[in-house]
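Trainee: One structure coming up, written as structure tokens, with questions to follow.
The values are calculated or read from the model by the stated rules, or taken from the named source; none is laboratory data. On a predicted model such as this, the values are computed, not experimentally measured, just so you know. Backbone-built Cβ (ideal geometry, glycine too); neighbour counts: all protein chains shown. Heavy atoms of the whole protein, side chains included, go into the accessibility calculation; ligands, DNA and RNA do not. Shrake-Rupley method; radii C 1.70, N 1.55, O 1.52, S 1.80 Å.
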Amino acid sequence: MSFSDLGLLPELMRAVADKGYDTPSPIQVQAIPAVLAGRDVLAGAQTGTGKTAGFVLPILQRLAADQGHGSSRAPRALVLTPTRELAAQVAQSARDYGKYMQLRTYQVFGGVSINPQITALRGGCDILVATPGRLLDLAQQRAADLSKIQVLVLDEADRMLDMGFIPDIRRIIKLLPQKRQNLLFSATYSDDIRALAERLLHNPLSVQVAARNAPIELVEQRAYRVQKEQKRHLLVHLIQEGQWRQVLIFTRTKHGANRLTQQLEGAGIQAAAIHGNKSQAARVKALDMFKRGQVTCLVATEVAARGLDIKELPQVVNYELPNVPEDYVHRIGRTGRAGANGEAISLVSSDESGLLRDIERVLRRSIPTLPTPVFKIVESAAPLARENRQPQGQGRHAGHGQHGGGARREGGSSERRDSRRAPTGARSNTGTRSFGQTRGRGR
Ligand code: AMP
């Protein structure tokens, strides 16, 4: 299936090609023809599935085909979103996909001054993207004319419900023409969503696409080149320097997961492992402790992590790169929270360069490799440390800032370092970093 099979106008095809998309996503394959045909749609699709293009493209096409609406230019399509970020994102998509058309998109949301929005709405637009509360204010002030709306989209309807927007949405719907097309997108189906869908939609096409993870765009990706045997030291450094509180770490093997867990514990960082040798109950328990913040690190193998509900994490670390590039996408999709970016960090040893290249090929983008910060090498007596976390470690010195293969040393490599362990979350006072690259995300 290609975009040209979906019946889109050449202007839209061009805009899609500019974006670099070659094939439509499953939600697009199903939703675009239905929306073009004027049908109501109930779509179970989360962010990351390409849902926005799934409704924006056909809406643009329908509006372009029907331009004879006088000079008032009251909006003809209304997209309601739960957050201002999503409103801005959807509006930007509409501008991007509609760049070869003469259609105007405008977004309104709360938290900013209303007056510029009133002025802008007077100028007219074709697509209005709005959060419900602000739209109601604008409608009450007669700044938003909703009497010409032909298509209503509820985007992330479940979140709007959770955020208590339903009464506002009901009020908005009363201001719309009775005869219109309705599209409802929701990542989850609760009874409330079903009830809303029943009230709102007429003979809808139901589309359900497999839940995917957060879109790659929301994940800040970076890589460090580091020798295999030094990875654990760099990881400890990153966790301590960044004051990471919740980090999911992927290893390739069960044995590797166990070993790393012990090593982290030895460095004073609470960690738990989940892998196939552990019972489901043990895995769930580890996950629960992780979610509650009782352990900082969850060290997981790919397969074990797959069956668990782990998402919206601030940090994901690829301690070892996966052999299959798609697994990388899967892994890093665990991060990226609503309204905030997640970080995915890959520790890449020289023998993994090929894997990194494969991943970049699949992503169609390069992953920035940052200079490896100076980190200390702490050889800890793991069993001792596990029995008693507080005492000082048997640290060895030496900070190595080096790129994979160990060919280059950077700043302060010969510097002796204080090898005291910092307890998890405490700022390590082991002195300077040669490169201020570890951007921590305090929670
Ligand atoms: P969405 O689920 O609408 O938030 O989209 C997620 C991301 O996928 C956005 O960054 C889009 O630019 C991108 N995207 C949408 N459709 C496609 C496609 N057919 N091919 C590749 N990327 C796409």
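Trainee: Just checking, which of 122, 104, 39 is basic (Lys, Arg) and in contact with an Asp or Glu (Cβ under 6 Å, 6 or more places away or on another chain)?
Mentor: Values: 122 fails: in contact with an Asp or Glu (Cβ under 6 Å, 6 or more places away or on another chain); 39 fails: in contact with an Asp or Glu (Cβ under 6 Å, 6 or more places away or on another chain).
Within the list 122, 104, 39, the selection yields 104.
Trainee: So, in the stretch 17-39, of the ones that are in a helix (DSSP H, G or I) and near the ligand (Cβ under 8 Å from one of its atoms), which residue ends up farthest from residue 77 (Cα to Cα)? Full working, then the answer.
Mentor: In the first step, residues of the stretch 17-39 are kept if they are in a helix (DSSP H, G or I); the result is 17-19, 26-36.
Those still in the list that are near the ligand (Cβ under 8 Å from one of its atoms) too: 19, 27-28.
On the way: 19: 23, 27: 20, 28: 19 Å.
The selected residue is 19.
Trainee: With the checklist (1) in contact with a Ser or Thr (Cβ under 6 Å, 6 or more places away or on another chain); (2) without any contact (Cβ under 8 Å) to a residue 12 or more places away in the chain; (3) among the aliphatic types (A, V, I, L, M) in hand, flag the one item residue 91 doesn't pass.
Mentor: So residue 91 meets the others, but not (2).
Trainee: I'd like the residue in the stretch 287-308 that is open to solvent by 10 Å² or more (accessible area, probe 1.4 Å) and either in a helix (DSSP H, G or I) or outside the structural domain of residue 352 (by TED's automatic domain parsing) (or both) and, out of all such residues, is modelled with the highest pLDDT.
Mentor: 289
Trainee: Of all residues in the stretch 25-50, which are open to solvent by less than 40 Å² (accessible area, probe 1.4 Å) and touching a Leu at 6+ places or on another chain (Cβ under 6 Å)?
Mentor: 32, 34, 40, 41, 42
Trainee: Then there's this: Any chance you could count how many residues in the stretch 141-155 are under 26 Å from residue 37 (Cα atoms) and buried (at least 19 other Cβ atoms within 10 Å of the Cβ)?
Mentor: Within the stretch 141-155, the first condition is being under 26 Å from residue 37 (Cα atoms), and the residues that meet it are 145-155.
Those still in the list that are buried (at least 19 other Cβ atoms within 10 Å of the Cβ) too: 146, 149-155.
Counting residues in the stretch 141-155 that are under 26 Å from residue 37 (Cα atoms) and buried (at least 19 other Cβ atoms within 10 Å of the Cβ) gives 8.
Trainee: Out of the residues in the stretch 51-64 that are surrounded by 21 or more Cβ atoms within 10 Å (Cβ to Cβ) and of a type in the set (Gly, Ala, Ser), state the one that is farthest from the ligand (Cβ to nearest atom).
Mentor: Ranking the qualifying residues of the stretch 51-64, first place goes to 54.
Trainee: Another one. Taking the stated definitions as given, is residue 75 assigned by TED's automatic domain parsing to the domain that holds residue 9, in contact (Cβ under 8 Å) with a residue 40 or more places away in the chain and more than 16 Å from the ligand (Cβ to nearest atom)?
Mentor: yes
Trainee: While we're here: Within the stretch 233-276, which residues are under 20 Å from residue 349 (Cβ atoms), in a loop (DSSP other than H, G, I, E, B) and charged (D, E, K, R)?
Mentor: Within the stretch 233-276, 252 is the sole residue that qualifies.
Trainee: Does residue 10 fit the bill of being farther than 28 Å from residue 172 by Cβ, near the ligand (Cβ under 10 Å from one of its atoms) and open to solvent by 40 Å² or more (accessible area, probe 1.4 Å)? Working first, answer last.
Mentor: Details: farther than 28 Å from residue 172 by Cβ: yes; near the ligand (Cβ under 10 Å from one of its atoms): no; open to solvent by 40 Å² or more (accessible area, probe 1.4 Å): yes.
Criteria not met by residue 10.
Trainee: Same structure again: For the stretch 223-244, does any single residue satisfy the condition of being within 16 Å of the ligand (Cβ to nearest atom), out of contact with any Gly (no Cβ under 6 Å at 6 or more places or on another chain) and open to solvent by less than 50 Å² (accessible area, probe 1.4 Å)? Before the answer, list the steps.
Mentor: Start the filter on the stretch 223-244 by keeping residues that are within 16 Å of the ligand (Cβ to nearest atom), which leaves none.
No, the stretch 223-244 has no match at all.
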